[in-house]
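These notes concern the structure reproduced below.
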Amino acid sequence: MKTLIVEDSSTLCAIYEAYLDDTGYEVHAVETFTGALMALESLKPDLILLDIELPDGNGLDLLAETVLMDPQPAVVVMTGHGIEFADQAIERGADDFLGKPFDASRLRVTLANAAQRLELTQKLSKLGELRERLGPIMGASSVMQAVYTTIESLASSRATALITGESGTGKELAAKAIHDLSARAPSDFIAINCAAIPNDLIESELFGEAPGVRGNLHARDGLIKQSDGGTLFLDEVCDMPYELQSVLLRFIQSGSFKPVGSDNEFVADVRILAATNRDPLFEMREGRLREDLFYRLHVVPLRIPPLRERGDDVLLLSGHYLKVFAEQEGRQGFAFSEDARRELRRYPWPGNVRQLENIIHRLVLMSSDQTIDYEQLRVAIMDSDTLDAAPSVTRVAAAPAADTRHGGGVEPLWLTEKRAIQTAIDYCDGNVNRAAGLLEVAPSTIYRKIQSWKS
């Protein structure tokens, strides 16, 4: 595979090239952002090992170019400034992340994994028979084909899994699909949201209670016992109390547990699937997720991509929900206008599939016409969108005057947001991190908005 190393240190370039000797990779190296842009055009690499700190630019900005390439290369981002950039890198299209320094073995394994995923994605795209759904999950995009393949691999194994993804992407649906496709399907699939259970009760919810605990006359089974033979899905596992994580780890490793208040040990055959909408590496670094539990859960990672990365899946899903809710409400014949379809595709959907589903339901209930047009869709989006940058608009220099062509001095809300973000970036001389601080949002939010305006 053609492999491009983007690293500003010529010494490190030489070291990484030496690490990759005899691996079969066709290695090329550049030391600048400009050189990387030229190499994308001339080399069309399959794999990219990308440094963030470059003399003439930020390596993360190169990801905006790689996601537009066809075929799209696999990108492994590396930096010596800690893992705080991991979330940004993954959100913007990177496949993996390496913290400097790393040895030859770590580099080879990481690139081999990225190459394997790339080959799988390319093979799926060449088959021409892309699946539109797997169990309760819908989507025909190439990224969802890779998700389906990982789900099927997990279903045929006994391994634990950590499912990551933003809120509303469908992590519980993915866990349910793993269960339904596995030999455990005849038994129960039980889900618990760790963030919704008080810290002093979650151990009892999981492992049960002995008689006499909290005044109970009889023993009470927990979810572990109820899931015996089946699957227990731990949503938002990073919210589990730190001290309880070691108890969970012991159960995963041994299959045995003690109910709260009991000295007796019990055994249960339960497969654990976990999920989080946070960056688990960051949570581990901040001391909220045990390192040993992270690596025990992270045997087979599964990332559910946000809707903005799934191309025309938004049209497939919106058509599905439109039909479902029309039938449910006894109202038939709904369709989107072409302008509305373009807006469905353009909007970044910060609430992901859950937000899309809610908006389509609202449109079916409130629309008096069978054709849902652009204006109706925009009103529904404005009602649901939190517009995380809007509250801080006044903290930076005033934006240019509104375009009054929209009538009465009013412009679309997304355009107001765009002006505010661009003003902040200009005010900070192009420094997105500083602009994000002024707007009180994550830098990844600004990058996501910018990417959506280009689509």
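The values are calculated or read from the model by the stated rules, or taken from the named source; none is laboratory data. Owing to the predicted nature of the structure, the values given are computational and were not obtained by experimental measurement. Because the Cβ atoms are built from the backbone with ideal geometry, glycine has one as well, and the counts that use them run over all protein chains shown.
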Starting from the range 34-56, keep only residues that are part of a helix (DSSP H, G or I), then list their pairs with residues that are among the hydroxyl-bearing types (Ser, Thr, Tyr) and at pLDDT below 90 whose Cβ atoms are within a distance under 9 Å, requiring at least 6 positions of separation or different chains.
-> LEU40/THR66
Would you pick out the residues in the range 322-371 that are over 30 Å from ILE450 (Cβ atoms) and of a type in the set (Ser, Thr, Tyr)?
-> SER367, SER368, THR371
Single unsatisfied condition, PRO259 versus (1) out of contact with any Gly (no Cβ under 7 Å at 6 or more places or on another chain); (2) in contact (Cβ under 8 Å) with a residue 40 or more places away in the chain = (1)
Determine which single condition LEU315 fails, assuming it passes every other condition in (1) of a type in the set (A, V, I, L, M); (2) crowded, with 18+ Cβ neighbours inside 10 Å; (3) assigned to a helix (DSSP H, G or I).
-> (2)
Wholly within the range 134-213, helices (runs of 4 or more DSSP H) carrying at least 1 residues that are touching a Cys at 6+ places or on another chain (Cβ under 9 Å) and touching a residue at least 24 places away in the same chain (Cβ under 8 Å) | 202-207
